[in-house]
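Comments concern the structure below.
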Amino acid sequence: MSLTDLPLLGMLRTRMHWHQARQALLAENVANADMAGFRPRDLAEPSAASTGLAASVGGDGLARTDSAHIGMPASAGPNADPRRFKGFEVRPSGNGVNLEEEMMKAGDNQADYQLVASLYQKSLDALKIAVGKR
């Protein structure tokens with residue numbers, strides 16, 4: 001088994017690919033900010049099932065180890081972000097792109113990508129130290 005076949009590295013790779021695709025979509029939104037009738041699009045976050053995590057994770061991101069555990073309301077979960085709401089501002093031309101919102105999303109996406117890339121590199125470095133290659 002190769003070092004890069006580990007589940008942790010696979011999840012980090014999947015997340016980096018998702019951030020790359022989202023950046024392209026956000027750039028397309030900004031590029032079409034003046035096109036009549038254009039509606040901005042965004043990618044949905046990758047689910048736990050698609051990244052290979054356990055299926056016992058609830059909507060709030062916490063694992064349920066007992067059916068008697070009380071879950072958090074969906075609006076108070078760790079994925080709830082008040083800055084990420086669906087905008088309803090549409091210009092008379094039918095264009096719904098808000099440049100400020102798109103640029104905030106692009107900045108957040110870039111920071112998240114850099115974090116995941118750093119985690120990937122640090123994980124590889126730790127594995128190399130453990131194997132004795134460094």
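Estimated from the Cβ-Cβ distance and a Förster radius of 35 angstrom, the FRET efficiency linking D5 and A27 is about 0.65. Between D34 and L127, the modelled label-to-label distance comes to 4.7 nm, taking each label 7 Å out from Cα in the direction of the beta carbon.
The convex hull around the C-alpha trace of region 87-127, projected and averaged over every direction, spans 3.4 square nanometres.
For V131, the solvent-accessible surface computed with a 1.4 Å probe is close to 90 Å², ligands and nucleic acids excluded.
Within a Cβ distance under 15 Å of S93, other residues only, what is the Lys/Arg minus Asp/Glu net charge?
Details: positive: R39, R91; negative: D34, E89.
Local net charge: 0.
The values are calculated or read from the model by the stated rules, or taken from the named source; none is laboratory data. These numbers were taken from a predicted model, which means no experiment stands behind them. Positions of Cβ are generated from backbone atoms using ideal geometry, with glycine treated the same way; all protein chains shown enter the neighbour counts. With ligands, DNA and RNA removed, areas are computed over all heavy atoms of the protein, side chains included. Shrake-Rupley method; radii C 1.70, N 1.55, O 1.52, S 1.80 Å.
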